[in-house]
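Before any comments, here is the structure.
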Amino acid sequence: MRAIIVGAGITGPVTAMALQKAGIEATVHEAYDRTADGVGAYLTLAPNGLAALRVLDIDHRDLGGFDTPALELRGSGGRVLARLGMGRDDDAGTVSQTVRRSDLYTRLRDEAVRRGIPVEYGKRLVDAAVVPGAGSGAAGAAGVVGPPGAGAAGVVASFADGTTAEGDLLIGADGLHSRTRAILDPACPPPRYTGLLNTGGYASGVTVDGPRGVFTMTFGKRAFFAYANRGPGDVWWFANVPRAREASADELAAWTPERWRAELERLFADDAGPALELIAATPQVIGPWNTLDLPRVPVWHRGPIGLVGDAAHGISPTSGQGASLAIEDGVLLARFLRDHRDPAEAFAAFEALRRGRVERLIAQAKRTSNQKIPNPLTRVLRDRVILPLVSRAAARSTRDWVTDYRIDWNTPTTPTPTPR
Ligand SMILES: Cc1cc2nc3c(=O)[nH]c(=O)nc-3n(C[C@H](O)[C@H](O)[C@H](O)COP(=O)(O)OP(=O)(O)OC[C@H]3O[C@@H](n4cnc5c(N)ncnc54)[C@H](O)[C@@H]3O)c2cc1C
């Protein structure tokens, strides 16, 4: 089998490496040029994502991040509400890793290339057509995908530069605004705005309290602020700013760096903690941008075309799980393709396993995001009663089913397609 993978973010290279382990060839097609890997935001990889990478013999120490052993949640006055661990003892002390997204992309792509997987740049998918199999009766046409199980003979992907690629299946790992998703289901609802703007940066030359790597997160009077001490004088932070309506591109552009910095200073002026100091010590504040998720994508696959990662289930960054779920996806889909051989069956089995887990997490992340939107009338109740209760409950439940999730690569999956 030969797979066309669309997107060389996190899910694309991981899926390609997992397919290689399963004995399936893949080529990764990325819309942007290689030089587009710039500075930008960072993310935290949780123990479940790190464990999925270990299935591919990728060690967390090779990702360029730093240990993030815990989160500490605080109210706007500085009171500690809860402390949540971010590791697991039976993984030889492995804890969550905080890493720049661009470092993670680059390292995963480089590792895929080192393993002999082709990654092609400047290949923006515009369309995909199923090649009908003998006796399927399905006509292949650009953008028209045959019925599942129609015995497709393959897929032809068309790119914006006029080139095409052929394979037995196509995996859309093309992120939150996936073109593959639109090809599968033009009526799919667009990503949802979660009510928060996102922003952040890297402060230097400033010293803050707190153990190295631990994220201190403050539910402030007007907005949410989080920071972690990466090392002496090196502090990474982000903030979530409530905004009722999704900002248009023009509205975002109107926040010049100076105006945005002044707005952040206003928002955090009355909260405990070092937010103002950190913002002042940040040469370039990143953002703002809208925080989006995708609560339910109705169609994950048709015939030999399927979705993985954010293309199938974008989740708010509040969860700290988007990248980890994406990595799990890549490894699990490869396991199903190894065992089922018919891509349509493998995609169906993958969806049956994954949909419940990811949609439950997306809903949980949205509830947490809602707590970041302070209401002046109920804020005291939120800080004194709701947040401590919610945080403690989250600390107990999340570890069981989210971060303790492990993939058993070696056990064959049952080759039974799921009814749709
Ligand atoms: C600010 C921020 C903070 C986050 N924090 C966390 C966190 O702490 N923990 C966590 O686990 N997750 C976090 N996430 C989420 C995480 O980054 C995503 O879940 C993850 O990147 C999804 O990986 P992906 O490969 O599916 O999509 P992406 O990383 O978006 O990659 C998609 C790739 O596809 C390419 N592409 C798009 N369209 C096409 C096309 N038509 N043709 C070819 N290529 C195409 C894109 O250029 C890109 O390279 C955060 C996200 C953001 C934005």
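The values are calculated or read from the model by the stated rules, or taken from the named source; none is laboratory data. Not measured: the values here are computed from a predicted model. Cβ coordinates were reconstructed from backbone atoms using ideal geometry, including for glycine residues, and neighbour counts include every protein chain displayed.
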Practice task
Name every residue in region 204-222 that is buried (at least 23 other Cβ atoms within 10 Å of the Cβ) and farther than 14 Å from LEU73 by Cα, in order of residue number.
Solution key: none
Practice task
Specify the residue that is farthest from the ligand (Cβ to nearest atom); the eligible residues are those in region 54-65 that are crowded, with 18+ Cβ neighbours inside 10 Å and either at pLDDT below 95 or closer than 18 Å to ILE5 by Cα (or both).
Solution key: LEU56
Practice task
Being assigned to a strand (DSSP E or B) and more than 16 Å from the ligand (Cβ to nearest atom) is the filter; apply it to region 177-224 and report the residue that is modelled with the lowest pLDDT.
Solution key: PHE219
Handout entry: The one condition in (1) touching a helix residue (DSSP H, G or I) at 6+ places or on another chain (Cβ under 7 Å); (2) within 15 Å of the ligand (Cβ to nearest atom) that ASP168 fails to fulfil
Key = (2)
Exercise for the section: Please determine, by comparing only the residues of region 225-234 that are away from the ligand (no atom under 16 Å from the Cβ) and in a strand (DSSP E or B), which one is farthest from SER76 (Cα to Cα). Expected result: GLY231
Handout entry: Search result, residues across region 245-260 that are out of contact with any strand residue (DSSP E or B) (no Cβ under 7 Å at 6 or more places or on another chain) and touching a residue at least 40 places away in the same chain (Cβ under 8 Å)
Key = ARG245
Problem - Test: VAL297 is touching a Cys at 6+ places or on another chain (Cβ under 7 Å) and either of a type outside the set (Gly, Ala, Ser) or buried (at least 20 other Cβ atoms within 10 Å of the Cβ) (or both) - result: yes
Problem - Condition check for LEU53: in contact with a His (Cβ under 8 Å, 6 or more places away or on another chain), in a helix (DSSP H, G or I) and closer than 18 Å to PHE336 by Cα - result: yes
Fill in the blank from the handout: Considering region 317-328, residues that are more than 8 Å from the ligand (Cβ to nearest atom) and at pLDDT 95 or above, and then whichever is surrounded by the fewest Cβ atoms within 10 Å (Cβ to Cβ), we arrive at GLU328
Practice task
Could you figure out which of (1) under 22 Å from ARG179 (Cα atoms); (2) in contact (Cβ under 8 Å) with a residue 12 or more places away in the chain; (3) more than 16 Å from the ligand (Cβ to nearest atom) isn't true of PRO274?
Solution key: (1)
Problem - Members of region 293-305 found to be more than 17 Å from the chain's Cα centre (by Cα) and within 14 Å of the ligand (Cβ to nearest atom), listed by number - result: ILE305
Exercise for the section: Evaluate region 257-269: report whether one residue or more is buried (at least 17 other Cβ atoms within 10 Å of the Cβ), within 30 Å of GLU359 (Cβ to Cβ) and not hydroxyl-bearing (Ser, Thr, Tyr). Expected result: no
Practice task
Give me a count of the residues in region 235-262 that are part of a helix (DSSP H, G or I) and in contact with a Pro (Cβ under 9 Å, 6 or more places away or on another chain).
Solution key: 2
Fill in the blank from the handout: Scanning region 2-40 residue by residue, those part of a helix (DSSP H, G or I), more than 11 Å from the ligand (Cβ to nearest atom) and at pLDDT 95 or above turn out to be ALA16, MET17, ALA18, LEU19, GLN20, LYS21
Completion exercise
Selection over region 190-213 where residues are in contact (Cβ under 8 Å) with a residue 12 or more places away in the chain and under 21 Å from the mean Cα position of the chain (by Cα) yields a count of 13
